[in-house]
Amino acid sequence: MADLNEDMAEIIFQGLAFTLNALTVGIIITIKKMRKRQNIFTCNIALADGLSALLVIVAKGLLYQGVLYRGVLWILLSYRSLYFIGIFSTLAVALHRFIIIRFDPFNKRNIVTAPRCIIGCFLIWAVPFVTFFSIDLSTSLAIIRLGLPAMIFATNGISTACYLLVYWAITRAAHAAGLSDRALVQRLQQNRRVLVTFALVVLTNIVCWTPYCICNFISTARPDLAFDNRQFTPWYGVTFKIARGMQSLNGVLNPIIYWSRLTDFRQLLKEVCTCRKTGVKETASSIANNSSVAETSLRTEPSESSPNEQHEVRGLDAVQANQVSYVVNT
């Protein structure tokens with residue numbers, strides 16, 4: 001039976017990762033204005049990160065209950081397949097931005113559509129699971145142990161190249177636009193912000209996954225350095241726990257990056273905070289005043305605030321309409 005205290009940090013990170021990613025997926029699916037084409041792959045990344053965190057917690061729980069390790073291997077295989085899904089989804093975001101800026105900058109050819117993005121997500125999920133569950137279990141685990149590090153570095157390298165090319169193209173367009181076209185410059189700056197956001201996702205992937213990949217490589221290439229009588233050597237055991245903690249932290253950082261930098265999420269947080277502040281003020285006013293004054297206030301408040309709110313919505317719609325023809329909408 002495993003020791004709970006040894007994996008407490010990893011379990012805490014995985015629990016937090018599941019909560020934040022589940023919240024992100026739920027927000028994108030349930031709120032209509034969040035169901036946009038540019039959020040499809042973001043939702044796919046969050047779904048893969050959230051499910052992988054949940055399966056890790058389930059696997060740890062089974063081990064703590066004394067379940068035979070081989071009975072947990074299929075769960076381990078499942079969440080490691082989800083690692084590939086998250087990696088492929090991150091690459092899909094980079095390719096999505098690159099295709100738009102390189103082949104359809106004004107959205108006239110309609111190359112990247114929502115149905116095609118959904119089909120791409122389906123393939124991203126199907127390929128790893130079909131591959132790993134259609135071959136021998138030991139072979140699957142060996143492929144994951146060696147293939148996962150290689151795939152992580154390859155996909156992150158391709159993603160980095162795509163983001164550099166897109167960032168360079170956007171920068172050139174910003175210089176060509178000139179200061180007179182403020183609307184164009186503003187849109188280009190917003191597009192650049194989105195690219196930097198997903199570049200941060202790639203960077204956190206590299207930083208958080210590199211120690212885990214190195215540990216996998218060492219345990220496969222030099223098992224004598226990692227194991228002693230089927231037990232971790234002292235130095236490798238400590239290194240592996242740190243690597244697992246950093247890998248678990250990656251699932252926490254991604255949703256934090258989305259919510260702190262992407263305009264859709266930031267606007268939603270702003271609206272929630274505004275509603276909460278408004279509710280607090282209304283509650284304080286109702287306590288301080290008598291019921292008749294409160295009722296009058298409630299009757300007059302919508303008519304006073306509605307024009308401003310409608311004006312802001314119309315302004316936002318106009319800006320979004322102008323942004324349709326450009327590379328990355330936020």
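Couple of notes before you dig in:
- Residue pairs meeting the criteria (Cβ under 8 Å; at least 6 apart or on separate chains; first without any contact (Cβ under 8 Å) to a residue 40 or more places away in the chain, in the stretch 245-263; second surrounded by fewer than 18 Cβ atoms within 10 Å (Cβ to Cβ)): MET246/VAL207; MET246/PRO211; GLN247/PRO211; SER260/ARG266
- Pairing residues of the stretch 82-99 that are part of a helix (DSSP H, G or I) with residues that are acidic (Asp, Glu), at Cβ distances under 8 Å and at least 6 apart in sequence or on separate chains, gives LEU82/ASP49; GLY86/ASP49.
- Remark: ASN205 matches the filter, which requires a residue to be surrounded by 14 or more Cβ atoms within 10 Å (Cβ to Cβ), at pLDDT 85 or above, of a type in the set (S, T, N, Q) and closer than 30 Å to ASP7 by Cβ.
- Odd one out for PRO115 among (1) under 22 Å from VAL202 (Cα atoms); (2) modelled with pLDDT of 80 or more: (1)
- As a summary of the residue check, LEU82 satisfies the conditions (1) farther than 23 Å from LEU200 by Cα; (2) touching an Asp or Glu at 6+ places or on another chain (Cβ under 9 Å); (3) modelled with pLDDT of 80 or more except for the one numbered (1).
- Per the conditions (1) within 24 Å of the chain's Cα centre (by Cα); (2) hydroxyl-bearing (Ser, Thr, Tyr); (3) more than 15 Å from ASN250 (Cβ to Cβ), the sole criterion not satisfied by SER52 is (3).
- Whichever residue in the stretch 229-248 is surrounded by 13 or more Cβ atoms within 10 Å (Cβ to Cβ) and among the charged types (D, E, K, R) and, among such residues, is farthest from ILE152 (Cα to Cα): LYS241
The values are calculated or read from the model by the stated rules, or taken from the named source; none is laboratory data. Everything quoted here is computed from the prediction, not taken from an experiment. Here the Cβ is made from the backbone with ideal geometry for all residues, glycine too, and neighbour counts use every protein chain on show.
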